[in-house]
Amino acid sequence: MNYWQKVTYSSTSMTLSYKRDYTITEDSVSITMFSYGRKTYKICKYPYAKQFFRSLWQSKDSKVMKDNNYDYYFHLTLSRELPDMKIEGAPTFMGTDIDINFLAVASTTDKKCKFFAGGEIKKKRIQ
């Protein structure tokens, strides 16, 4: 009896390092391709996204994702330093969770909760 099976692997994402594998501007992302060199793609811009291209934000390792329809999406990861806040006198705390169906869920220690639905964004992505 043979217990061994051939395993196949098909990756649906890859991680890219900023400056080495990709660079980004307000208008486009340039990605290093193995067989094509660098290839530039236009970015679907939203007015609120302009704030993330200011010097406060730093690009980090990001991902290219492939969905079930073989469409590719670039998931940009950004970070920025925030000053340390004194929390001794804070009456409440807030936590956030980011997901696919709800873009964000925010809840506080005083039991207030807000959902930011992702339906419109998901429709736009599918188009």
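One table, with the values for the structure above:
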| item | result |
| --- | --- |
| Complete set of residues in segment 3-37 that are in contact with an Asp or Glu (Cβ under 9 Å, 6 or more places away or on another chain) and among the hydrophobic types (A, V, I, L, M, F, W, C) | Met14, Leu16, Ile31 |
| Candidate set: segment 37-89, residues that are of a type in the set (Lys, Arg) and without any contact (Cβ under 8 Å) to a residue 40 or more places away in the chain; chosen: the one farthest from Thr25 (Cα to Cα) | Lys86 |
| Scope segment 70-96; condition closer than 26 Å to Thr23 by Cα and of a type outside the set (Val, Ile, Thr); matching residues | Tyr70, Asp71, Tyr72, Tyr73, Phe74, His75, Leu76, Leu78, Ser79, Arg80, Glu81, Leu82 |
| Residue in segment 2-10 that is surrounded by 10 or more Cβ atoms within 10 Å (Cβ to Cβ) and either at pLDDT below 90 or under 14 Å from the mean Cα position of the chain (by Cα) (or both) present | no |
| Candidate set from segment 24-64 (those that are in a strand (DSSP E or B) and within 15 Å of the chain's Cα centre (by Cα)); member that is nearest to Pro83 (Cα to Cα) | Gln58 |
| Single match in Thr23, Thr108, Thr32, Thr77 (criterion: among the hydroxyl-bearing types (Ser, Thr, Tyr), surrounded by 11 or more Cβ atoms within 10 Å (Cβ to Cβ), modelled with pLDDT of 80 or more and touching a Gly at 6+ places or on another chain (Cβ under 9 Å)) | Thr108 |
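The values are calculated or read from the model by the stated rules, or taken from the named source; none is laboratory data. It should be emphasised that the depicted structure is a prediction, and the values quoted were computed from it without experimental measurement. Glycine also receives a Cβ, built like all others from the backbone with ideal geometry; neighbour counts cover every protein chain displayed.
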